[in-house]
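For reference, the structure is listed below as structure tokens.
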Amino acid sequence: MIASPGRVNIIGEHIDYNNGAVFPAAIDKYVVCGIQKTDQDECSILALDKKELIHFNLTQLAKFPTGHWANYIIGVINELHQKGLSIAPVEIVFSGNIPMGAGLSSSAALENAIVFGLNELFQLHLSKTDMVQISMHAEHHFAGVQCGIMDQFASMFGKKDHAILLNCHDLSFEEVPILLDNHKLVLINSNVKHEHVDSAYNERRRQSEEGFSVLQCKFPELKGLCLASINQLKAIQEEISPIVYKRCQFAIQENARVLAAKAALTKKDWKALGELLTASHRGLQHLYEVSCPEIDFLVEQAILHPGVLGSRMMGGGFGGCTINLVESDQINDFVDMLQSIYLKQFGQSTDHYMINITDGTKMIDL
């Protein structure tokens, strides 16, 4: 059996695909998967939570409708084929407790569980980095989401009680201890996921790449959008649209916030860390424009609470969770307050998650 965790991202949203630095951690919510060889001609996958069983032939890998969970699994198998790695028919069963649509990377956890299990079962000799890249490309080519590498990397490389400061330019990383003293990271799930999230995500990536292509023409030494300075961006302002300028401005500023957040965490400057979280949300809200009314409401109300040092949206956007830095003795009051006013404002409930930072994808015994 394989257990593959979801992830939180302390700060650094939408910049992994812009060669920025990100600051995620694996959390104790998992996809658990069993894989075994079969003497049947076809593969089978049982999704226990959805009570769905599908069959497919390894010689005819076809996409399911957009958004179907099977695309993440078959996409991984397709990437193995593209690398010239062969597997025999298998039976797969999986379940999990990562909330879907909450921005906790249930899809990356599923992809990692599959590639990790197949690597073990068929002795494919893939490194963790190989597996992470296969999972990411599966999402690109089968699920149709042009994600960066952060989600898969955090889920695979996670370390208990540590966040990962990941440089997405060269995949170098540093394991940073998470010692929050009398504070906790609390996730509030809006239980909202607006339509067209994937298409909006892909659009933001295209806009960022458009801005970077113009930057690189003027500054050919640049290796990524997040490695540019604001002064360099200003130098091309007349050559790009105002929307593209805003997207680039956010990416450059967010990358700086990630590095500042690591410094604040190391110095245990909780006030500074909280302010960086909230500043990140303002950028996502106004420059990258991937928030939504429900998430903005949760952030605005959170930062009014005396026990909250900072709050921001987390994940791809347009719903999902906020991540909040909260004084430990204020958590119950904070959660109750948000639950009450959110229900009154939007007519639906929030969920909250107290998270523990855990190890990455691994084999387990049941």
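Structure notes:
- Output for the stretch 176-194, where each listed residue is open to solvent by 40 Å² or more (accessible area, probe 1.4 Å) and not in a strand (DSSP E or B): 179, 181, 182, 194
- Unique match (being among the polar types (S, T, N, Q), on the phi > 0 side of the Ramachandran plot and in contact with a helix residue (DSSP H, G or I) (Cβ under 6 Å, 6 or more places away or on another chain)) among 105, 135, 155: 105
- Scanning the stretch 218-239 for residues that are open to solvent by 20 Å² or more (accessible area, probe 1.4 Å) and in contact (Cβ under 8 Å) with a residue 12 or more places away in the chain yields 218, 219, 223, 227, 229, 230, 232, 235, 239.
- Residue count for the stretch 204-244, restricted to those that are of a type in the set (S, T, N, Q) and either within 23 Å of the chain's Cα centre (by Cα) or at positive phi (or both): 2
- Condition broken by residue 173, with the remaining ones in (1) among the aromatic types (Phe, Trp, Tyr); (2) in contact with a strand residue (DSSP E or B) (Cβ under 7 Å, 6 or more places away or on another chain); (3) part of a helix (DSSP H, G or I) satisfied: (3)
- The set of residues in the stretch 268-302 that are over 20 Å from residue 192 (Cα atoms) and either free of Cβ contacts under 8 Å to residues at least 40 places away in the same chain or open to solvent by 40 Å² or more (accessible area, probe 1.4 Å) (or both) comprises 268, 269, 271, 272, 275, 278, 279, 283.
- Scanning the stretch 332-353 for residues that are exposed (fewer than 14 other Cβ atoms within 10 Å of the Cβ) and in contact (Cβ under 8 Å) with a residue 60 or more places away in the chain gives 348, 349.
- Residues in the stretch 30-70 that are open to solvent by less than 40 Å² (accessible area, probe 1.4 Å) and touching a Pro at 6+ places or on another chain (Cβ under 7 Å) were compared, and the one that is nearest to residue 122 (Cα to Cα) is 38.
- Taking residues in the stretch 14-36 that are more than 24 Å from residue 222 (Cβ to Cβ) and touching a residue at least 12 places away in the same chain (Cβ under 8 Å), and partners anywhere that are crowded, with 24+ Cβ neighbours inside 10 Å and of a type in the set (Ser, Thr, Tyr), the pairs with Cβ atoms closer than 8 Å and at least 6 places apart or on different chains are 26/155; 30/4; 31/4; 31/106; 32/4; 33/4.
- Count - residues of the stretch 114-126 that are open to solvent by 10 Å² or more (accessible area, probe 1.4 Å) and either part of a helix (DSSP H, G or I) or not polar (S, T, N, Q) (or both): 8
- Long-range neighbours under 9 Å by Cβ, at least six apart or interchain, first residue closer than 21 Å to residue 62 by Cα and open to solvent by less than 30 Å² (accessible area, probe 1.4 Å) within the stretch 127-144, second of a type in the set (Phe, Trp, Tyr) and part of a loop (DSSP other than H, G, I, E, B): 142/64
The values are calculated or read from the model by the stated rules, or taken from the named source; none is laboratory data. Note that the structure is predicted; figures quoted are calculated from it, not measured. Here the Cβ is made from the backbone with ideal geometry for all residues, glycine too, and neighbour counts use every protein chain on show. For accessibility, only protein heavy atoms count, side chains too; no ligands or nucleic acids. Shrake-Rupley method; radii C 1.70, N 1.55, O 1.52, S 1.80 Å.
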